[in-house]
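Below: the structure, in structure tokens.
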Amino acid sequence: MIGCESLNNRDRFLIALKRGVPDRVPLWELIINDPVLSEVADGSYSRLVDKLDIDGVTGFETQIFDEVSSGLYRDEWGILWKANKDGILYPVRGPIKKAYQIRDYEPPDPDAEHRLSNFETLVDEFKGERALVFLTHDVFEFSHYLVGGLSKLFKLYYREPELVHELASKIIEYKSRVAERAIKCGADVIVSGDDYAGVTGPLMSPRHFREFILPYLKKLVSLVKSKGKLFIKHTDGYIWPILKDLVETGIDGLHPIEPAAGMDILEVKKAYGDSICVIGNVDCTYVLTLANLDLVEEVVKETIAKVAPGGGYILSSSNSIHPGVKAENFLTMIKTAKEYGVYPISNELIREYSRKDTYGLIFRERLARIRQIYYSKAF
């Protein structure tokens, strides 16, 4: 442990992300939505962070949305979004209808004055006190947003690979510039939020991942590291087929190592803990949404016992604190993490919990059934 008596939240987070051992396991969430935000802190993210003493805070770039009709909005990229019942926006249509339109397509201005307005507020509040994490993207998600969906993008992989690369180059140029501005503004960490996989595996073949996504992720990671900052890769799903590729880009942390997709955070740490910090993975599909508080506590204690020893671990949910998460479950996760995540981790806790397999009991049968159905239909 490094001068643990004097650690603040920012120090604690960054030490762990650099694979060190802080005074306790740091806490961070990629996103915190209502109803937890309202129930815990009257809708104020900053108030929640202070009240619960969260170590890392997440900021976003600012996009202007024009309301097209009730519940439909168009952003500066020309992407049409629809609000669900919780007010969360999901892409429904992109501006690029034909492949040839990629050549003339221009992203919005990354240097627009308003682009970092929300993040600047977080910087003013928390700079030097808590780790400032800026959430951006690399090229996969915005590519399929712009062309109108995954199936259309995957067809372009085969039919128009040069145009796919041209679109990716435009996207990464924009995202790199915004990340560069966020770093100059005060970001300690950049996180890319593109999801590459589902519960059955990567959404594209590893070959296509390496051809159309990996070079641009490497470019973004290299930019961030050249500025002396740290990089977290977020992706849901079963990512073992591409995990080595991700680690070799130079990322500092991997989030959220999703147990509902069969990802074992201890196995990831055993394989790559000398290269990356593991971040996660308290399940938010069942444990934080439906389970009783005793199970929440058991899962947190088991996770800490398995992966916290030796450092290089940050605790979070297995994705985000989404609208289905119960406030009492979230609060129990935080309380338990602070109680049992103090270094050195209790040997008694390690002995009692390191051999348990709660996620296996919860998810193994369901995952086997999903994969059986998937592969029977696919092949």
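Using the Cβ-Cβ distance between K184 and S151 with R0 = 35 Å, the FRET efficiency computed as 1/(1 + (r/R0)^6) comes to roughly 0.35. Expressed to the nearest 5 percent, the antiparallel share of DSSP beta bridges inside region 67-224 is 75 percent.
For region 1-125, the fraction of 1.4 Å probe accessible surface lying on carbon and sulfur atoms is 48 percent.
Ignoring ligands, DNA and RNA, how do E125, E39, E29, E297 rank by accessible area with a 1.4 Å probe, largest first?
E39, E125, E297, E29
Which value at 222 nm does the chain reach when only helices count, each DSSP H run of 4 or more adding -39,500 (n - 2.57), with the total divided by all residues and rounded to the nearest 500 deg cm²/dmol?
-13500 deg cm²/dmol
Simple point charges give the picture: +1 on the Cβ of Lys and Arg, -1 on the Cβ of Asp and Glu, and for the chain a dipole about the Cα centre of about 1260 debye. For G201, the residues whose modelled amide H falls within less than 5 Å of its own, excluding neighbours fewer than 5 places apart on the same chain, are Y238. For the chain, modelled as a GNM whose springs connect Cα atoms under 10 angstrom apart, the maximal fluctuation among N347, N281, N319 occurs at N347. Taking a ≥ b ≥ c as the square roots of the eigenvalues of the alpha-carbon gyration tensor, the chain is classed prolate because a/c is 1.5 or more and a/b outweighs b/c. Comparing L14, L132, L203, which has the greatest mean-square fluctuation in the GNM of the chain with Cα pairs linked when under 10 Å apart? For the chain, modelled as a Gaussian network with Cα springs under 10 Å, the answer is L203. In summary, the aspartates and glutamates within cross-link reach of K227, defined as a Cα separation below 17 angstrom excluding same-chain residues under 8 places away, comprise E173, E180, D188, D252. In the complete set of protein chains, residue-level accessible area for C185 is approximately 40 Å², probe 1.4 angstrom.
Checked against a 28 Å cut-off, the cross-linked pairs K269/K301; K85/K356; K18/K175; K155/K184; K51/K225 give Cα-Cα distances beyond that limit for K85/K356; K155/K184; K51/K225.
DSSP beta bridges confined to the chain are antiparallel in about 35 percent of cases.
Using the Cα centre of the chain as origin and beta-carbon charges of +1 (Lys, Arg) and -1 (Asp, Glu), tell me which of I31, L7, Y313 is placed farthest towards the positive end of the dipole. Farthest towards the positive pole: Y313.
Distance between the C-alpha centres of region 47-120 and region 152-182: 17 Å, rounded to the whole angstrom.
When only the Cβ of Lys, Arg, Asp and Glu is charged (+1, +1, -1, -1), the dipole of region 227-379 relative to its Cα centre reaches about 280 debye. Simple point charges give the picture: +1 on the Cβ of Lys and Arg, -1 on the Cβ of Asp and Glu, and for region 271-355 a dipole about the Cα centre of about 100 debye.
Here each label is just a point 7 Å from Cα along the line to Cβ, and for S169 and D104 those points are 1.9 nm apart. Think of a 1.4 Å ball rolled over the protein heavy atoms: region 127-213 then has 36 Å² of accessible area per residue. So, R0 is 56 Å and r is the distance between the beta-carbons of F60 and R355; what FRET efficiency does that work out to, to 0.05? With a Förster radius of 56 Å, E is 0.90. When R159, R74 are compared by accessible area of protein heavy atoms, the largest-first order is R159, R74, using a 1.4 Å probe.
For region 180-279, give the percent of accessible area contributed by carbon and sulfur heavy atoms, probe 1.4 Å, rounded to a whole number.
After summing per-atom areas, the C and S share lands at 48 percent.
The values are calculated or read from the model by the stated rules, or taken from the named source; none is laboratory data. Only a predicted model underlies this, so the values are computations on that prediction, with no experimental measurement involved. For neighbour counting, all protein chains shown are included, and Cβ atoms are generated from backbone atoms with ideal geometry for every residue, glycine included. Calculation scope for accessible area: heavy atoms of the full protein, side chains included, ligands and nucleic acids excluded. Shrake-Rupley method; radii C 1.70, N 1.55, O 1.52, S 1.80 Å.
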